[in-house]
Amino acid sequence: METVTPTLIKELRERTGSGMSDCKKALVECQVDMEKAIEYLRKKGLAKAAKKTSRIATEGVVTSYVHPGNRVAVLLEVNCETDFVAQGDAFQTFVREVALQIAAMNPQYLNKEDIPKNIFDKEYTLYFEQQKKSNKPEHIIAKITDGQMDKWIQDICLFNQIWVKDGNKTIFQLQQDLVSKLGENIQIRRFVRYELGEGLEKKQENFAEEVAQAAKG
């Protein structure tokens, strides 16, 4: 097995933000496989993050984002535990990324639990009735419908949405990564998205692509 060297520990620390001892342990546990060590630390961080979500978070920021062209705007509140963290670059960057996500993907709710039961039931019934026309067995229809509902939830719930700048990570995972990095409870509390002429008949724009390109530029 390859030796765990200070250079490898330093690289892992730079890539994950974890402590030196945790990085050394991860490399040993994963037989000096860098990618496996990163995943090991990420899972460990998420476990720690889950314990922090019960702590009170009353600091943070209320921020606004107006997309170039003044057609879409977002008001967003994100909470943390201390003013020190609220003013830090990592927290501020996270808030901006969430605002960009909301502008691009237009989520209707924060998470699945926020979807009103009557709306959830109506959508489920719609998908289920569509699948009944296929004459498949009912347990197959139910399984397909569950999959369609998962996709629908991913589309309309911010936490479940795929981050526009990383197709392998959801917004919830992005939040949990920050909790692990900063050691504080970070909560997206509420948001409002405004779109020019919303509710009126108008040309449809691909804001997801536009915002993603603007963020990269």
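The values are calculated or read from the model by the stated rules, or taken from the named source; none is laboratory data. Predicted, not measured: the structure shown is a model, and the values here were computed from it. Glycine also receives a Cβ, built like all others from the backbone with ideal geometry; neighbour counts cover every protein chain displayed.
Which residues, counting only those in segment 112-147, are crowded, with 17+ Cβ neighbours inside 10 Å and under 30 Å from residue 95 (Cα atoms)?
Our first condition is that a residue be crowded, with 17+ Cβ neighbours inside 10 Å; within segment 112-147, this holds for 115, 123, 127-128, 131, 141, 145.
Passing the criteria: only 115.
Can you pull out the residues in segment 110-134 that are assigned to a helix (DSSP H, G or I) and either touching a Pro at 6+ places or on another chain (Cβ under 8 Å) or charged (D, E, K, R) (or both)? Steps first, please.
Taking segment 110-134 first, the residues assigned to a helix (DSSP H, G or I) are 112-114, 117-132.
Of everything in segment 110-134, those that are assigned to a helix (DSSP H, G or I) and either touching a Pro at 6+ places or on another chain (Cβ under 8 Å) or charged (D, E, K, R) (or both) turn out to be 112, 113, 114, 117, 121, 122, 123, 129, 132.
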Checked segment 74-95 for anything of a type in the set (A, V, I, L, M, F, W, C), outside any strand (DSSP E or B) and under 20 Å from the mean Cα position of the chain (by Cα); matches are 85, 86, 90, 91, 94, 95
Evaluate the following for residue 98: is it under 14 Å from the mean Cα position of the chain (by Cα) and either outside any strand (DSSP E or B) or not assigned by TED's automatic domain parsing to the domain that holds residue 162 (or both)? yes
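Among the residues that make up segment 60-73, is at least one of them under 20 Å from residue 193 (Cβ atoms) and under 16 Å from the mean Cα position of the chain (by Cα)? Step through it out loud before you land on a result.
First, pick out the residues of segment 60-73 that are under 20 Å from residue 193 (Cβ atoms): 60-73.
If we keep only those that are under 16 Å from the mean Cα position of the chain (by Cα) too, we end up with none.
For segment 60-73, residues under 20 Å from residue 193 (Cβ atoms) and under 16 Å from the mean Cα position of the chain (by Cα): absent.
Go over the candidates 103, 142 one by one and state the one that is of a type outside the set (Asp, Glu) and within 28 Å of residue 174 (Cα to Cα). Please lay out each step first, then the result.
On the way: 142 fails: within 28 Å of residue 174 (Cα to Cα).
Matching residue, one of 103, 142: 103.
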So the check is Cβ under 9 Å with 6+ separation or different chains; which pairs have a first residue in segment 85-101 that's over 16 Å from residue 191 (Cβ atoms) and a second one that's surrounded by fewer than 18 Cβ atoms within 10 Å (Cβ to Cβ) and among the small types (Gly, Ala, Ser)? 85/183; 90/17
Restricting the first residue to segment 164-179 and requiring it to be part of a helix (DSSP H, G or I), which pairs with a second residue that is among the small types (Gly, Ala, Ser) and surrounded by fewer than 16 Cβ atoms within 10 Å (Cβ to Cβ) meet a Cβ separation below 8 Å and a spacing of at least six or different chains? 176/50; 178/90
